[in-house]
Amino acid sequence: MDDTARDDTNGTGGGAYERVLSEVGPRLRRLRQERGVTLAALSEVTGISVSTLSRLESGGRRATLELLLPLAQAHQVPLDELVGAPEVGDPRVRAVPVRRGDRTVVPLTRQPGALQAFKLVIDPGGEPPEQRTHEGYEWFYVLSGRLRLLLADRDVELRAGEAAEFDTRLPHWFGPAGDEPVELLSLFGRQGERMHVRARPRGQG
């Protein structure tokens, strides 16, 4: 961490924290004046002395949570508005599909981490089944179509609405069980919530 970052973290050297606090006073004064409220009237509602309110608006008194909470209640505004907190970022994941052979992969998570989510659409007629192994744990939920899962010596078929989970250190392969594409959600990570496999082996009623 460089000196500038350290200053911002400690709240010194004109860091972001100090800038936010320095803007609270003018914002409080503007809000009060726009509503036509006097310092005396605001003092009666909040229980904060007129001198403290005046110093707070002029920057002579540091803004604290104990002062801002009753002011936010008196003005009927969120606390975030008093301190000028930034708006929450857009939560939508703008996924970009990636084509990998017979598979279209749509990432559904943005942040790197242990658990990743994907939507997959797998077309029929791809590479012949070849079981592979790697570290991790995977969970499937079939959205549409039929999914064939080869897991070690098991041959399992899952239909829409069915889920399966497995340790990816076991030899495995998955793809369409018929001539139609299969669409599924996949959660992959080092650890995962264990769910019961609701599918039946191929060839069984």
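Worth pointing out:
- Segments 146-156, 41-51 sorted - mean Cβ within 10 Å per residue, highest first: 146-156, 41-51
- Rounded to whole numbers, the Karplus 3J(HN,Hα) couplings from phi for the range 151-165 are 10, 6, 9, 9, 10, 10, 10, 10, 10, 3, x, 9, 10, 8, 9 Hz, using 6.51 cos²θ - 1.76 cosθ + 1.60 with θ = phi - 60°, and x at Gly and Pro.
- For the range 46-53, 3J(HN,Hα) computed residue by residue from phi via the Karplus equation (6.51, -1.76, 1.60; θ = phi - 60°) reads 9, x, 9, 4, 4, 5, 5, 4 Hz, glycine and proline entered as x.
- Remark: relative contact order (the range 100-150) = 30 percent; criterion is Cα-Cα distance under 8 angstrom and separation of 6 or more residues.
- Rule-of-thumb Rg ratio for the range 115-186 [Cα; 2.2 N^0.38 Å; N residues]: 1.02
Just so you know, all these numbers are worked out from the coordinates, no wet-lab data involved. This one's a predicted model, so the numbers in the text were calculated from it and none came from an experiment. Reconstructed Cβ throughout: ideal geometry from the backbone, glycine too, with neighbour counts over all protein chains shown.
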